[in-house]
1. Whose amide H sits under 5 Å from the amide H of residue 144, counting only residues 5 or more places off or on another chain, with H placed in the peptide plane?
2. Which Rg and Dmax, in Å, describe the Cα atoms of the chain?
3. Select from the range 180-240 those trypsin sites (Lys or Arg not before Pro) which occupy a DSSP coil region and have at most 14 other Cβ atoms within 10 Å, ordered by residue number.
4. Tell me the carbon and sulfur percent of the accessible area for the range 18-110, rounded to whole percent, probe radius 1.4 Å.
5. Using the Cα atoms as the points, what is the convex hull volume per residue of the range 91-159 in Å³?
6. Translational D (Stokes-Einstein, µm²/s) of the range 65-120 at 4 °C and 1.567 mPa s when Rh comes from the Kirkwood sum over C-alpha pairs?
7. Note down the Stokes-Einstein diffusion coefficient of the range 1-118 in µm²/s, whole number, using a Kirkwood radius over alpha carbon pairs, 25 °C, and 0.890 mPa s.
8. For the range 99-238, what value does the Rg/Rh ratio take when both radii are computed over Cα atoms and Rh is the Kirkwood radius, given to two decimals?
Amino acid sequence: MTSQSKIEVAALRKCFGDLEVLKDINLSVEPGGVVALIGPSGSGKSTLLRCINLLVVPDGGRVRVGGDSFAFGTGTRLPGVKELARFRANTGMVFQHFNLFPHMSVLANVMEGPLTVRGLPKAKAEPLARSLLAKVGLADKADAYPNKLSGGQKQRVAIARALAMEPEVMLFDEATSALDPELVGEVLAVMRALAKEGMTMVIVTHEIAFAREVADRVIFMRDGVVVEEGPAQQVIDAPREAATRAFLSHFHKRGEAPAATA
Ligand SMILES: Nc1ncnc2c1ncn2[C@@H]1O[C@H](COP(=O)(O)OP(=O)(O)O)[C@@H](O)[C@H]1O
Ligand SMILES: [Mg+2]
């Protein structure tokens, strides 16, 4: 494992019952690196992201984010509740469905993590939340309730909420897949800006054109293994593996809409 990378995953394995979902996954992301994870449905992309922030406990291998490292498998000790909470707080996750608290204002949603998990006083949590809402273009929605927002706005709140934990890395799992097409762009714009700022990110996406533009590297997964990985433009424009070519043939490379879902 190289010590200068921000995320290291080594020999990662995960089974659900008899189903081996991740088979010896290795990946590293350097500080400020942006990796796009692509592949057909069921290939293990979500499970891999969930293993990186330990929402799913791996069966074997190692996961490191920043200075925190855990090993899994025979002879290892599972992390305790506090260690897990600290680890997860350092790894912001944005899901397809936003899961905002419906009974709380946008501002309160973003302040919740800093107040309850990080133990910040309100006097610090509120300006932090307001600055993050400004960053995602929603300063004027601080007092609104989630049910008054569009899907794109809700997802931008979810991004602000994840950023409010001041994580070292951000993980996005199909953050735009549930959005109406006309709302995808505003969320991708926020993700693009974060990448430009130097946030270390792993992005599971079917937005191939976005992956090509924003990611440094693309990883193509199928059936729990990394089939191909390389510089984004090389993997997308000139994939080496037949399986990658077959998957990418379902998408318009530079267009907006996929020709078919994979
Ligand atoms: N909690 C779970 N229990 C059992 N099987 C699961 C669970 N989560 C995912 N799987 C299975 O693991 C495989 C990989 O799923 P997933 O990581 O969601 O793939 P992807 O995100 O690439 O679509 C699928 O076959 C899925 O059905
Ligand atoms: Mg998934």
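1. For residue 144, whose amide H was placed from the backbone, the distant partners under 5 Å are 106, 107.
2. Expressed in Å, the Cα Rg and Dmax of the chain come to 18.3, 55.
3. Details: sites: 192, 196, 212, 217, 222, 240; in loops: 240.
Hits after loop and neighbour filter: 240.
4. Numbers: 2200 of 4110 Å².
Roughly 54 percent, rounded to a whole number.
5. Working: hull volume 5.8 nm³, N = 69.
About 84 Å³ per residue, rounded to a whole number.
6. Numbers: Rh = 13.7 Å.
Answer from the Stokes-Einstein relation: 95 µm²/s.
7. The estimated diffusion coefficient comes to 156 µm²/s.
8. Working: Rg = 16.3 Å, Rh = 16.1 Å.
The Rg/Rh ratio comes out at 1.02.
The values are calculated or read from the model by the stated rules, or taken from the named source; none is laboratory data. Since this is a predicted model, take the numbers as computed values, not measurements. Neighbour counts run over all protein chains shown; Cβ positions are idealised from the backbone, glycine included. The accessibility values were calculated without ligands, DNA or RNA, using every heavy atom of the protein model including side chains. Shrake-Rupley method; radii C 1.70, N 1.55, O 1.52, S 1.80 Å.
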